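The values are calculated or read from the model by the stated rules, or taken from the named source; none is laboratory data. Owing to the predicted nature of the structure, the values given are computational and were not obtained by experimental measurement. Here the Cβ positions follow ideal geometry from the backbone for every residue, glycine too, while neighbour counts run over all protein chains shown. Please note that ligands, DNA and RNA were not included when accessible areas were found on the heavy atoms of the full protein model with its side chains. Shrake-Rupley method; radii C 1.70, N 1.55, O 1.52, S 1.80 Å.
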Amino acid sequence: MVLNIVEYPDKRLRQKSKEVSSFDEDLHLFLDDMYDTMIDQSGIGLAAIQVDNPIRALIINLPDEEGNQDKEQLLEMINPVIVEKEGEVFYQEGCLSVPTFYEDVKRFEKIKVNYQDRHGNTKTMEADELLAIAIQHEMDHLEGILFIDKLSYARRKKFEKEYKKFQRERKNKLSKSA
Ligand code: Y12
Ligand code: CO
């Protein structure tokens with residue numbers, strides 16, 4: 001089932017997500033709904049809070065060289081914790097909760113993450129390149145942090161102006177087509 005995406009500036013995105021303690025059927029069905037939602041919206045990563053469920057769960061499904069998202073490569077991370085980090089890299093990030101906007105954000109280049117899978121099994125993963133960036137972006141959501149919070153004051157002000165214009169234009173378009 002495809003769920004509604006919560007969009008900035010909705011305050012619900014600012015909640016700190018809670019630890020997951022039940023790795024039951026409800027969690028599995030919810031993770032499946034998150035996947036349906038991410039794919040439906042052409043996303044490559046999604047945190048539970050983005051579909052209005054403040055639990056520490058995220059999914060990532062990066063495209064391969066041909067641009068295809070293989071479900072076999074789907075990564076589900078529950079209660080993730082970064083235990084090692086190194087280097088620095090800039091990447092132009094986007095987010096389904098901040099539609100149409102992409103901004104350069106500084107991230108750690110390489111990370112090591114401890115997390116649990118959907119069955120509660122403990123895992124460790126080392127990540128670099130796009131995967132490291134995606135994990136850090138999604139883990140920020142668990143703390144109520146958005147990539148736009150990491151912009152300079154001037155860039156953020158510009159973003160706020162452009163985002164308001166985008167919201168206005170989308171509302172006008174929708175009211176004309178109704
Ligand atoms: C690197 C940086 C950030 C992430 C986090 C996951 N981000 C996304 O999945 C962003 C998806 C996205 C999709 C959009 O829709 C289309 O491209 C059709 C989009 O554009 C619009 O909303 C019009 C914006 C963002 C992972 C890795
Ligand atoms: Co996001």
Spatially proximal lysines relative to Lys164 (Cα-Cα < 27 Å; intrachain offsets below 8 disregarded): Lys11, Lys16, Lys106, Lys150, Lys173, Lys176
Percent accessible area from carbon and sulfur atoms, region 75-178, protein chains only, probe 1.4 Å: 50 percent
GNM top mover of Asn79, Asn68, Asn53 - the chain, alpha-carbon springs below 10 Å: Asn68
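Give me the net charge of Leu131's neighbourhood, meaning all other residues with Cβ under 13 Å from the Cβ of Leu131; Lys, Arg count +1, Asp, Glu -1.
Details: positive: Arg107, Lys110, Lys112; negative: Asp64, Glu109, Glu126, Asp128, Glu129, Glu138.
Surrounding charge for Leu131 is -3.
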Theoretical gain in end-to-end length, Phe159 to Glu25 [0.36 nm per residue, Cα-Cα removed]: 44.2 nm
Gap separating the Cα centres of region 1-53 and region 96-120, nearest whole Å: 14 Å
Net charge contributed by nearby residues that have their C-beta within less than 14 Å of Asp26 (K/R +1, D/E -1): -3
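Could you tell me the calculated FRET efficiency between Gln167 and Asp36, based on Cβ-Cβ distance and R0 = 25 angstrom, to the nearest 0.05?
Values: r = 26 Å, r/R0 = 1.02.
Efficiency for this residue pair is about 0.45.
Less than 14 Å Cβ to Cβ from Ser175, Lys/Arg counted +1 and Asp/Glu -1: what total charge do the surrounding residues give? Don't jump to the answer; show the numbers that get you there.
Numbers: positive: Arg168, Arg170, Lys171, Lys173, Lys176; negative: Glu169.
Its environment carries a net charge of +4.
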